[in-house]
Amino acid sequence: MKKIRIGSGAGFAGDRIEPALEIMENGNIDYIVFECLAERTIAINQQQKLLDGDKGYNEFLECRMRKILPLCVEKGVKVITNMGSANPAAAIRVIKEIAWDMGIRGMKVAAVLGDDILDRVDKYMNCEILENSKKLSSIKSQIISANVYTGVEGIIEALNNGAHIVVTGRTADPSLTLASLMFEFGWSKSDYEILGKGILVGHLLECAGQITGGYFADPGYKDVPKLWNLGFPIAEVTENGDIIITKLENSGGMVTEHTCKEQIVYEIHDPSNYFTPDVIADFSEVTVKEIEKNKVLVKGASGKEKTGLFKVSIGYKDCYIGEGEISYGGSGAYGRARLAGKIVKKRLEYINLPVKELKIDFIGVNSLYGNHLSSILNDNKADFKEVRLRVAARTLNREDAETIGNEVEALYTNGPSGGGGARKYTRDVVSIASIFVPDKDIITKVIYEEV
Amino acid sequence: MKLRDIAHSRTGDKGNISNISLIAYRDDDYELIKKIVTAERVKNWFRDTVKGEVIRYELPKICALNFVMYDALGGGVTRSLSLDTHGKCLSSVLLDMDI
């Protein structure tokens, strides 16, 4: 039976490049998928594109392409990536230039367009926002981006037309991988059972090192060898949809039944209904079996007919967040940190700062789980030798947000004794609202550059 | 005994929803975990953090549970005032539960 080997080249926008190069060099892979687009990244990239029409793609695109293009040629590896972000067309122009400069010829690079619907978003103002059940019109003036999670269609078209590198914008993460399998095996777009299996391949690969021992180690309980040199995963997929997850022997990390189990359940909700643009995948009957060291057979996924709706991720200017931190140490540290927190709270009231929400945490005591759980974990003790006060607040303008950090910094000379290491941060918050639109509203278009 | 002795866990996030897996190290312990770690108990454990409901899904073939916790991330990853906006640290403390 025909087999395809797909490597995972990145699990997030800024992921390491060395493990990707290693599997391209020595992994005997047919494809490598770089998943580099978090929910909010595209909204930020959209703003860059507005300032400069040649920008708006992943900031590491050039750096990655310089390193991987020679290996694509030498090893015959095709690349599928969403590094195009808000501007796939500009991304492939850049890739073409890099390839040309490096003396590469005979390479076809495709950009999949059609996910960006910002110019048409007005027609969806009556749609309900998934996150807060309000109408989209409630944030109309704040919208800065609107991108549809598209499926496999454009990527398959690009591969059919001989593309070696396929660059998308917003595409559902696992669809990047599913597209290569449908192209290679000729899977039908209405064979939902097999598409569900293909989605599982993408789901297992999309966070790269998270299935090879990353985000897993817990010394004494779950030890992982050579985590500093974590290898990225390779999925060997058979035409019937069976998957073997593996990695290079000489790389760090490990592939075990348990690393695979953690990634199967990662960021899914109902395992029987994992919604994607191409299929509703069902992972509820999936099994894992270690067949050799660092080789795990994963099978049993299936699927149901897709919903016919595409999810749209809408970026909007939301608010500002200001933060300040300062540390207290030695005996009485927690008491001084609490006094410092009270001072800041009182100051914000005194200067009448318009704050939408305020949070005062004590790092080392209760910053991760709140008071109830933290007091259980700390056995109700009140003596901590190192406590860091953290004050965070949400505001409607930048100046107010900056005041938060300034008030914490002022504790140096105006607060309790021995406060040190003050830091302050201000950021403007771009949030995401999701709506659903009929898939027939979305037209995918593929464009090409060649050297 | 702590849950940590017989199970491992990983947290994921989508918007204002957190999901935590709970996976038995040994298949034999799955039934015990299923019996003890109910959605109600998880909701109570995270009562300061999780404001919405907790739904538990079962994956018996890999001896895993998946807890989907609504209104759990301080308004969502982007606008939360929490230090750990993604709730990544929630999984390790689920394992601190006494069993």
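General observations
- Subset of the range A:251-274 (residues that are away from chain B (no Cβ under 14 Å) and either in a strand (DSSP E or B) or free of Cβ contacts under 8 Å to residues at least 24 places away in the same chain (or both)): A:G252
- Of all residues in the range A:20-44, those satisfying the criterion of being free of Cβ contacts under 8 Å to residues at least 60 places away in the same chain and either buried (at least 21 other Cβ atoms within 10 Å of the Cβ) or out of contact with any Lys or Arg (no Cβ under 8 Å at 6 or more places or on another chain) (or both) are A:M24, A:I32, A:F34, A:C36, A:A38, A:T41.
- Restricting B:Y30, B:Y57 to those that are more than 11 Å from chain A (Cβ to nearest Cβ), free of Cβ contacts under 8 Å to residues at least 40 places away in the same chain and surrounded by 17 or more Cβ atoms within 10 Å (Cβ to Cβ) reduces the list to B:Y30.
- Only one of the numbered conditions (1) farther than 23 Å from B:G87 by Cα; (2) within 14 Å of chain B (Cβ to nearest Cβ); (3) crowded, with 20+ Cβ neighbours inside 10 Å is not met by A:A392, and that is (1).
- Answer residue from the range A:220-242, given it is within 14 Å of another protein chain (Cβ to nearest Cβ) and of a type outside the set (S, T, Y) and is surrounded by the fewest Cβ atoms within 10 Å (Cβ to Cβ) among those: A:G220
- Selected residue [in the same structural domain as A:P88 (by TED's automatic domain parsing), closer than 13 Å to A:G241 by Cα and under 24 Å from the mean Cα position of the chain (by Cα)] from A:L176, A:L181: A:L181
- Pick from the range A:144-159, criterion in contact (Cβ under 8 Å) with a residue 60 or more places away in the chain and touching a helix residue (DSSP H, G or I) at 6+ places or on another chain (Cβ under 6 Å), ranking: surrounded by the most Cβ atoms within 10 Å (Cβ to Cβ): A:V152
- Residue ranges of helices (runs of 4 or more DSSP H) in the range A:1-109 with at least 2 members at pLDDT 95 or above: A:18-26, A:61-75, A:88-101
- Here the range A:311-322 is the region considered, the condition is being surrounded by fewer than 24 Cβ atoms within 10 Å (Cβ to Cβ) and out of contact with any Lys or Arg (no Cβ under 7 Å at 6 or more places or on another chain), and the residue that is nearest to A:Y274 (Cα to Cα) is A:K311.
- Just one residue in the set A:I404, A:I432 is surrounded by 14 or more Cβ atoms within 10 Å (Cβ to Cβ), of a type in the set (A, V, I, L, M) and assigned to a strand (DSSP E or B); that residue is A:I432.
- Among the residues listed as A:D119, A:D101, the single one being more than 14 Å from A:V167 (Cβ to Cβ), under 26 Å from the mean Cα position of the chain (by Cα) and without any contact (Cβ under 8 Å) to a residue 24 or more places away in the chain: A:D119
- Residue check, A:I4 farther than 30 Å from A:D318 by Cα, buried (at least 17 other Cβ atoms within 10 Å of the Cβ) and without any contact (Cβ under 8 Å) to a residue 60 or more places away in the chain: no
- Counting the residues of the range A:346-385 that are more than 33 Å from the chain's Cα centre (by Cα), among the basic types (K, R) and at pLDDT 95 or above gives 3.
- Residues in the range A:407-429 that are more than 14 Å from chain B (Cβ to nearest Cβ) and surrounded by fewer than 21 Cβ atoms within 10 Å (Cβ to Cβ): A:E409, A:A410, A:Y412, A:T413, A:N414, A:P416, A:S417, A:G418, A:G420, A:G421, A:A422, A:K424.
- Scanning the range A:258-291 for residues being among the acidic types (D, E) and buried (at least 18 other Cβ atoms within 10 Å of the Cβ) gives a total of 4.
- For the condition touching a strand residue (DSSP E or B) at 6+ places or on another chain (Cβ under 9 Å), surrounded by fewer than 20 Cβ atoms within 10 Å (Cβ to Cβ) and within 14 Å of another protein chain (Cβ to nearest Cβ), A:H203 does not qualify.
- A single entry from B:K61, B:K43, B:K2 fulfils the requirement of being over 26 Å from A:N371 (Cβ atoms) and of a type in the set (D, E, K, R): B:K61.
- Taking the range A:110-127 as the range and being surrounded by fewer than 14 Cβ atoms within 10 Å (Cβ to Cβ) and outside any loop (DSSP other than H, G, I, E, B) as the test, the residues that pass are A:D119, A:R120, A:D122, A:K123.
- Residues that are hydroxyl-bearing (S, T, Y) number at least 2 in the following helices (runs of 4 or more DSSP H) confined to chain B: B:90-94.
The values are calculated or read from the model by the stated rules, or taken from the named source; none is laboratory data. As the structure is a prediction and not an experimental result, all values here were calculated from the model. For neighbour counting, all protein chains shown are included, and Cβ atoms are generated from backbone atoms with ideal geometry for every residue, glycine included.
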